[in-house]
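The values are calculated or read from the model by the stated rules, or taken from the named source; none is laboratory data. Keep in mind it's a predicted model, so treat the numbers as computed, not measured. Methodologically, a virtual Cβ is constructed for each residue, glycine included, from the backbone with ideal geometry; neighbour enumeration extends over all protein chains shown. Just the protein is used for accessible areas: all its heavy atoms, side chains included, with ligands, DNA and RNA removed. Shrake-Rupley method; radii C 1.70, N 1.55, O 1.52, S 1.80 Å.
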Amino acid sequence: MEPKYKRILIKLSGEALAGEKGVGIDIETVKTIAKEIAEVHSSGVEIALVIGGGNLWRGEPAAAAGMDRVQADYTGMLGTVMNALVMADSLQQNGVDTRVQTSIPMQNVAEPYIRGRALRHLEKNRIVIFAAGIGSPYFSTDTTAALRAAEIDAEAILMAKNGVDGVYNADPKKDANAVKFDELTHGEVIKRGLKIMDATASTLSMDNDIDLVVFNMNEAGNIKRVVFGEVIGTTVSNKTEYHKK
């Protein structure tokens, strides 16, 4: 069976690395995620990663508490580098050649982000982890994921969520009548104000015709299911119309 996508970018929240603790980094959880990513990679799929930093630092609450927003955001970027290095180590232990590229130069621990070099790594069957956001404050890791996906010509962004199995028209934890969408267009996501990604990231994905698949990360094997075309979660693209209203 051939994979549906040949080149993907996986967007993980920082909280995904925290496990049941909710904060910090749980090494056993990282190992589990890395093993699953390595299995998908072994099928010949080219993979890039963007990992958030919310398990270590959240810039907006810090800014709301009085910290300078720019400094708060830069602190968060450093958190994403820590997560990237930990994940890279775990992938390497699974036998996957991995490179971390950062938007903020820190040559002692990672490569600087260079698009051509990233593409070359992917072509050489290496996983690339993009860290430190886009290198500027006020932009989320969702925007980083959409921008890097466009730059490396990824066919899809796989947005792995903790305990969320797709996109709903309301919060399913608060509304028992919430309806899950199987498919949506990028335009519908923006029009309805569905908070899958921030508006900049959604627009980038739409303009560059990149599929977005939102699925539950906590269910083992889901990354592979998405890559091989099994219908799980919610797929957002320019080609489909939503099925449930």
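Observations, loosely collected:
- Only one of the listed residues (Ile27, Ile33, Ile51, Ile47) is in contact with a helix residue (DSSP H, G or I) (Cβ under 8 Å, 6 or more places away or on another chain), open to solvent by 70 Å² or more (accessible area, probe 1.4 Å) and touching a residue at least 24 places away in the same chain (Cβ under 8 Å). That residue is Ile27.
- Some residue of segment 71-88 being farther than 15 Å from Gly14 by Cβ and assigned to a strand (DSSP E or B): no
- Hey, Thr98 touching a residue at least 60 places away in the same chain (Cβ under 8 Å) and of a type in the set (Ser, Thr, Tyr) or not: no
- In segment 185-213, the residues that are outside any loop (DSSP other than H, G, I, E, B), under 21 Å from Phe228 (Cβ atoms) and out of contact with any Gly (no Cβ under 9 Å at 6 or more places or on another chain): Asp211, Leu212
- Residues of segment 186-204 satisfying the condition of being small (Gly, Ala, Ser) and surrounded by 15 or more Cβ atoms within 10 Å (Cβ to Cβ): Ala201, Ser202
- When the residues of segment 173-185 are filtered to those that are farther than 14 Å from Asp211 by Cα and among the hydrophobic types (A, V, I, L, M, F, W, C), the one that is least open to solvent (accessible area, probe 1.4 Å) is Phe181.
- Which numbered condition Met1 fails, given (1) aliphatic (A, V, I, L, M); (2) in contact with a Ser or Thr (Cβ under 8 Å, 6 or more places away or on another chain); (3) open to solvent by 50 Å² or more (accessible area, probe 1.4 Å): (2)
- Among the residues of segment 132-172, those that are at positive phi, at pLDDT 95 or above and buried (at least 18 other Cβ atoms within 10 Å of the Cβ) comprise Ala132, Gly133.
- Set side by side, the residues Asp73, Asp68, Asp97, Asp89 differ, and just one is of a type in the set (D, E, K, R), touching a Gly at 6+ places or on another chain (Cβ under 7 Å) and at negative phi, which is Asp73.
- Residue within segment 10-22 that is touching a helix residue (DSSP H, G or I) at 6+ places or on another chain (Cβ under 7 Å) and basic (Lys, Arg) present: yes
- Filter result (on the phi > 0 side of the Ramachandran plot and buried (at least 17 other Cβ atoms within 10 Å of the Cβ)) within segment 205-239: Gly233
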